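First the structure, in the form of structure tokens, and then the observations on it.
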Amino acid sequence: MEYKNNDFVLKAQDASAETEAIVYKYDAFLEAITSEKFAHVREAIREGVRFLVSGKYPTIDTLAREHYEGSVKMKAKYNSVDAYLAKFPMHARKSATIDLATGTGKSWVIYGIAQIMLAEGLADKVLVLCPSVTIEEGLKEKFRELSGNANVSQILQELDPSHTPPEIKSANDPILSGDICVENIHSVYERTGSSIRDSFAGKGKRTLVISDEAHHIFSPEDAGTKRWFDFLTDEDFDFVYHIGLTGTPYIQNGYFHDVIFRYGLKQAMEDGIVKTIDYVLERALEGAETQYEETYANHVRLIEKYSGVLKPITIVITAKIVECIEEWRKLVDYIAEKERISFDAAKEKVIWVTSGLPSGAQEKKRAVVALELTDNSGAEKIRKKYLQALKSVDDEDNPVEYIVSVAMLTEGWDVKNVFQIVPHSNRAFDSKLLISQVLGRGLRIPKRLTPPVQVVVNNHEQWTTAIGGLYRDVLEIENRITWGYDPRRAKYAFPLFNLEYEEEQYSIESKVKSAKEPSIQVLHPQAETRRQTTTFLHAGIIRYDVTVDGNVSVEDATRQIKLFLKEKDRNLARKWSIKKIDQFIKKTLKNRLGRVYDYVSAENLATFKQAFGPMFRELGKEVPRMKLMAGASKKIEASSMSRQSFSEDALKTSGTLFYPPQFLESLSGTEKMIIEKYISMRLQITPALVLPETQYIMDRFYPKNEEEFVTSQSAIYVTSSPEIEFVKSVFNDVTFFAGFIKSPDKGFYSIPYSFKPTAAGSTHVKRSSFNPDFFLVKKGTKDVLVVEIKQDDDLAQENKAKYRDACEHFTQLNQELVTAGEEWRYHFYFLSPTDYASFLDVTREGKYIGWKSELMQGLE
């Protein structure tokens, strides 16, 4: 049995009102922190939150068992559920992984999940762990930018007036309620100068831990982070909530089993989020003296291509540190000779980047020789110099054009100008983990470029066979067959009309009410001491009292809140005197905790500060509200439809292909060979000898006569059962259609809609768009029947919104077409299998105008 990464992905099936209300409550917030094309980031955050908040899945164990019971492939791979669960190292916790390809928005996902969990009160504080200081600083910078975004804060305050932006801290400071602590994992182990143990010990049940580059947690090769897993499972902390983020979810060649959302490299390339990969598996040069000829030629070509726009970077990946330094020397020598410049001038163009220096005696000697040093003492100075240069390597005035690095030590780079990657040996490219890490270094697209953008991977032919299968798996390179508009079938084409939509401001919200007084409904119980119980081998149980850390006097708490108000709003600070704050604290402590206290716990002090949040909102501030407004009609030709594709593997599992006699002529050589293979099997195999699995594939090929295939498309490929049955029904009654097309899922013909994801609603309305599934023209008319297909009785909130807004869309479109003097008219239908026969009956009889299916009546 063949296994794809998607086979292992777990799907939390919890659509309860309680869960959905939280999952979709923050849609406006998610749209504010991401850009339009990053819909996958918003979906990743929703799925992460869904798993964390769902009462249906108290641990990942529960979700894994559900997946196993419903997966034929998992049952084939593991002979028992216990054998399957053994692949979940943290199965007793609410712990899962999100797989996002490098460069597709992991930092947004981390911040989004952290903020929602804090806002919902499901976590008091968040600990974000990462493998290096470089990544730590990058995350802090991004989080502080998001936390300080006025628009983001305003949206969250509309959802919760007591909201205050989280403080972004490191482990050098005490971590209080509402804070997000970002720290590299190595500092977490240190007890000196770190507040991790004081801030989180015993508080794991109210802490969300998020691990960036989470493959390090389980990596057997990465000795430096082996303690990461031990920290997450340390009983002193007792962490319950954990989400891992990685673009390389592999242990060697094995894909993680606890992934709950996946946005893979292939999908990211298809969506134009990252560069596509121009891989070279069939071409190479032999001999050490010429190994950089092709690399150099590619680099020169890239410089010419992007001249005046940016400076391309080439990176060379080695397996070991000493090889990195030696290859740096070879490349510098080569460039000096090739460009006829001095060694020092060539050295300005090439840097080597490693996390440290060689440790073995022989390797140290090799490094010293390559660097032309008398001993190893100067190597560290060079290393640090090159690490500093890496930070500005994209800048035009930085002379560096080549980077030599070690495969396992490349995370945290944010170099966008990489356009060529050269794996130096198969050891730098001999596992799915290494391959995905190496490719990740060159995927980010510079802001000045518009997709599609390519990065060249230039490896060596002599080890292509060894890594070819792994490489294809990581890139998800499949045999694919394309289909779409066929000029030879133009007689069945018909024009389509859509509406232009633009955003318009329709109202302005002005905050005119006075700011509320601070209000606190709940305080945490507080005490000056807590009882400690210790069990000794001989002495038995010893109990004693220890002082609770973090308590401050009411006087100190009053001063801290006064300073807090001064930092946030000096006018507000003047209104709230020391005396007034003191009275507010004492009164609230007595009302909420039942007696007078002369001190305040650290958690309650954070609550007091948060209570002033609504008072920071600016009065009289105008907030524009936007909506989409339909404009003039626009004409769309069928020939503008992008070609669609399906994989050979999909034919074996789900899809159905309808095709005319000319289909093979529309295919490329490889595509033609694939389809011919199956068609010939269908025609030649004796039915009595057909294996069940072969018959299953054969049943998914539906040849049609030329006179039946009344579409301008070369073929029609559909995957869902309702769509398959609809196409079969249409072909059975095709004589009264002049033409029809299957619309792509994205682009081509888009209709906007807005909805509240749950029946109870949420504060902010979600906006999206959809492409109707089919367009059909009734023979002898200019009537276009637009059809959206769903399962029977699918009355989801989203479908109700699609139906409502699509009906309005086509009403306005028909009015525009009348004004423009066009004869074409549009009629929209929501259909499910129950409705197919009735729909075809009224279409045949010409009584389709105003007709409503059972599904449409239910949606109304």
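The values are calculated or read from the model by the stated rules, or taken from the named source; none is laboratory data. None of these values were measured; they are calculated from a predicted model. Here Cβ is always computed from backbone atoms with ideal geometry, including for glycine, and neighbour counts include all displayed protein chains. Ligands, DNA and RNA are excluded from the accessible area calculation, which covers all protein heavy atoms including side chains. Shrake-Rupley method; radii C 1.70, N 1.55, O 1.52, S 1.80 Å.
Worth a mention:
- Taking 0.36 nm per residue of separation and subtracting the current Cα-Cα distance, fully stretching the chain between residue 86 and residue 707 would add 217.9 nm.
- Legend: calculated FRET efficiency, residue 732 to residue 781, from the Cβ-Cβ distance at R0 = 35 Å, rounded to 0.05, equals 0.95.
- Among the listed pairs 266/677; 275/365; 140/746, those beyond 31 Å (Cα-Cα): 275/365; 140/746
- Nearest-10 value in Å² for the accessible area of residue 109, using the 1.4 Å probe: 0
- Residue order for 742, 677 - accessible surface, 1.4 angstrom probe, largest first: 677, 742
- Applying 0.36 nm per residue to the separation of residue 16 and residue 389 and subtracting their alpha-carbon distance, the gain on full extension is 129.1 nm.
- Correct option for mean projected area of the Cα convex hull in nm² [calculated from the coordinates] among [x] 32.3; [y] 50.4; [z] 46.2: [z]
- Modelled this way, with points 7 Å down the Cα-to-C-beta line, the labels at residue 490 and residue 333 are 6.2 nm from one another.
- Surface accessible to a 1.4 Å probe, residue 357 within the full protein complex, Å²: 50
- With all protein chains in place and ligands, DNA and RNA left out, the 1.4 Å accessible area ranks 808, 380 as 808, 380, largest first.
- Segment residue 635..residue 721, full-extension length gain: 27.8 nm, with 0.36 nm per residue of separation and the alpha-carbon distance subtracted.
- Fraction of accessible area attributable to carbon and sulfur, the chain (%, probe 1.4 Å): 49
- Pairwise FRET efficiency - residue 553 versus residue 150, Cβ, R0 = 35 Å, nearest 0.05: 0.50
- Over 22 Å apart at the Cα level, from the set 756/800; 94/205; 779/847; 75/205; 384/447, are 75/205; 384/447.
- Label point distance in nm, residue 673-residue 521, each placed 7 Å from Cα along Cα→Cβ: 6.7
- Restraint check, 672/742; 575/766; 142/587, Cα-Cα greater than 29 Å: 575/766; 142/587
- Take each peptide in 96-103, 233-240, 138-145, 589-596, count the other Cβ atoms within 10 Å of every residue, and average; sorted highest first, the result is 96-103, 138-145, 233-240, 589-596.
- Efficiency of FRET from Cβ geometry, residue 158 and residue 847, R₀ 56 Å, rounded to 0.05: 0.70
- Helical content alone sets the calculated 222 nm signal of the chain at -11000 deg cm²/dmol, taking -39,500 (n - 2.57) per DSSP H segment of four or more residues and averaging over every residue.
- Only protein heavy atoms count here; on that basis, with a 1.4 Å probe, residue 424 has an accessible area of about 40 Å².
- Protection proxy ranking for 315-328, 812-825, using the average of other Cβ atoms within 10 Å per residue and placing the highest first: 315-328, 812-825.
- Nitroxide proxy distance, nm - points 7 Å out along Cα→Cβ at residue 66 and residue 857: 3.4
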